[in-house]
Amino acid sequence: MVEAITAVRARHVLVDGAFRPATVRVGGGRVTEVAAYDDGRHDPGALDLPDSARLLPGVVDTHVHVNEPGRTEWEGFATATTAAARGGVTTIIDMPLNSVPPTTTVEHLRLKQHVAAEKARVDVGFWGGAVPGNLADLRPLWEAGVLGFKCFLAPSGVEEFPPLTPPELDAALTEIAGFGGLMIVHAEDARVLDEAPHPPSRAYADFLLSRPDRAETDAIRRLLDGARATGCRVHVLHLSSARALDLLAEARAEGLPVTVETCPHYLCFSAEDLPDAAPQFKCCPPIRDRGNRDALWDALVDGVIDCVVSDHSPSTPEEKGRGDGDLQQAWGGISGLQVGFTAVADEAAARGIGLEQVSRWMATATADLVGFGHKGRIAVGADADLTVLDTAAPLDVRAADLAHRHPISAYDGRRLAGSVTHTWLRGEEPTAGRLLTREAA
């Protein structure tokens, strides 16, 4: 790993949505020039990349559960951001829950920022939380620099972050619309989940039945009604069910302020191929069937889904293994921060989809979602957050080699046709990230 760069030359540099030969010059932590490839021949210390390498903007992952403070035994800023850097991720946005306390007040935000400042190796921004009883905290959190607010419409899995009822959702949307904020939503309907069968079972098929498509479609329909009534910007988190795509396409055609994300695990795995009693594949909403996976890919290409994020949500081995294979008891979350980008690039290539598309979904669109126009692109004036994916360096994923806290990964044993070989944060090896707020944009 080259610790710092002043210029990088590559035959394949992603600029303005297309690859071309270029020399990228760096100064003061920013891109100072994107010059012709041959212009860099005489740059002292210029790094020449092999022809198999693709120079890309660093990934901006807007959906990461770091869990510190309070559940640092699940994950922490030191381990999470090390994993991020190794996977080409130069900016993460931390979710407001699974840490204790959750990021639902300015005081709690300051505590989390204090912890992150001492440990983060990549840049870190923060979502606030919208929970019952904290309506008056939303504007102060926004003014303190959070990038938006997360809420659940069904139980979150942790007691300190309860879901919003329909009236509470409407009140929060109205409040957030009043100051031009963004609500990001775990869209599963609590009533539908309560009515679904959920017997103790080690069978993945039974777990899938307990989180039906209708839970997502009903919740998304309710959210869109709220956006229509209030004008609030809304973002659908970790879309799993392709049956919601028509609803979302119609909402966008109507002009509603809605954006949508999905995750690498929904794009790389299918329910038919998952083993039973394997909690490393359990997440909520769940991984669905092959046809559903194909429809999500089509929606990305068509622009109905905007971006791809990891939803990195680790836990201790004890929590992940709770129930000894009973998927109703195991913690629901997939640890994909380090390999998500490479896995999506691999799957995209197999489908004939270019890496420039993958970078748009995982770097540019995510940066735009949180208003960071200086990230997620290689352009003059942008942060020199860069990563290299070498298509001649296949990656055999081994959970034990990954940098996040516990060696559990749905991608364990998967062979990927390429790997991240370099990552730079503002032109340097990632060692000390910055804390980002809306004002930093």
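The values are calculated or read from the model by the stated rules, or taken from the named source; none is laboratory data. Owing to the predicted nature of the structure, the values given are computational and were not obtained by experimental measurement. Every residue, glycine as well, gets a Cβ built from its backbone with ideal geometry; the counts of neighbours run over all protein chains shown.
Take Ala172 and decide whether it is assigned to a helix (DSSP H, G or I) and not β-branched (Val, Ile, Thr). Answer is yes for this residue. What's the number of the only condition in (1) assigned to a helix (DSSP H, G or I); (2) touching a Leu at 6+ places or on another chain (Cβ under 9 Å) that Thr364 fails to meet? Exception for Thr364: condition (2). Being among the hydrophobic types (A, V, I, L, M, F, W, C) and surrounded by fewer than 17 Cβ atoms within 10 Å (Cβ to Cβ) is the filter here; which residues of region 417-434 pass it? Those that are among the hydrophobic types (A, V, I, L, M, F, W, C) and surrounded by fewer than 17 Cβ atoms within 10 Å (Cβ to Cβ): Ala417, Ala432. Looking at Arg288, Arg293, Arg243, just one residue is touching a helix residue (DSSP H, G or I) at 6+ places or on another chain (Cβ under 9 Å), over 26 Å from Ala85 (Cα atoms), touching a residue at least 60 places away in the same chain (Cβ under 8 Å) and of a type in the set (Lys, Arg), and that residue is Arg288. Under 8 Å by Cβ, and 6 or more places apart or on different chains, what pairs join a residue from region 330-355 that is surrounded by fewer than 19 Cβ atoms within 10 Å (Cβ to Cβ) with one that is not in a loop (DSSP other than H, G, I, E, B)? So the pair list comes out as Ala349/Leu355; Arg351/Trp297; Ile353/Trp297; Ile353/Val301; Gly354/Ala348.
Conditions tested, residue by residue: (1) small (Gly, Ala, Ser); (2) modelled with pLDDT of 95 or more; (3) closer than 25 Å to Phe126 by Cβ; (4) surrounded by 15 or more Cβ atoms within 10 Å (Cβ to Cβ).
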position	(1), (2), (3), (4)
Val2	no, no, no, no
Arg11	no, yes, no, yes
Phe19	no, yes, no, yes
Arg30	no, yes, yes, yes
Arg54	no, yes, no, yes
Gly58	yes, yes, yes, yes
Glu75	no, yes, yes, yes
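Criterion applied to Thr81, Thr62 was being assigned to a helix (DSSP H, G or I), out of contact with any Asp or Glu (no Cβ under 6 Å at 6 or more places or on another chain) and surrounded by 21 or more Cβ atoms within 10 Å (Cβ to Cβ), and the one residue passing it is Thr81. For Ile353, the conditions (1) within 18 Å of Ala22 (Cα to Cα); (2) assigned to a loop (DSSP other than H, G, I, E, B) are fulfilled apart from (1).
Which is closer than 29 Å to Leu193 by Cβ and either at pLDDT 95 or above or not in a loop (DSSP other than H, G, I, E, B) (or both), of Gly125, Gly133?
Values: Gly125 fails: closer than 29 Å to Leu193 by Cβ.
From the options Gly125, Gly133, the qualifying one is Gly133.
Of all residue pairs spaced 6 or more apart or on separate chains, those with beta-carbon atoms under 7 Å, a first member in region 426-441 that is within 24 Å of Thr6 (Cβ to Cβ) and modelled with pLDDT of 95 or more and a second member that is of a type in the set (Val, Ile, Thr) and part of a loop (DSSP other than H, G, I, E, B) are Gly427/Ile5; Pro430/Val122; Gly433/Val122. Taken over region 118-136, residues that are surrounded by fewer than 23 Cβ atoms within 10 Å (Cβ to Cβ) and either touching an Asp or Glu at 6+ places or on another chain (Cβ under 8 Å) or not aliphatic (A, V, I, L, M) (or both) amount to 6.
Identify all residues within region 239-298 that are assigned to a loop (DSSP other than H, G, I, E, B), surrounded by fewer than 21 Cβ atoms within 10 Å (Cβ to Cβ) and of a type outside the set (Ser, Thr, Tyr); write none if there are none. Write out each step before concluding.
Step one: filter region 239-298 for residues assigned to a loop (DSSP other than H, G, I, E, B), giving 239-241, 255-257, 263, 269-270, 274-278, 282-289.
Narrowing the set further to residues that are surrounded by fewer than 21 Cβ atoms within 10 Å (Cβ to Cβ) leaves 255-257, 270, 274-278, 289.
Answer for region 239-298, where residues must be assigned to a loop (DSSP other than H, G, I, E, B), surrounded by fewer than 21 Cβ atoms within 10 Å (Cβ to Cβ) and of a type outside the set (Ser, Thr, Tyr): Gly255, Leu256, Pro257, Leu274, Pro275, Asp276, Ala277, Ala278, Asp289.
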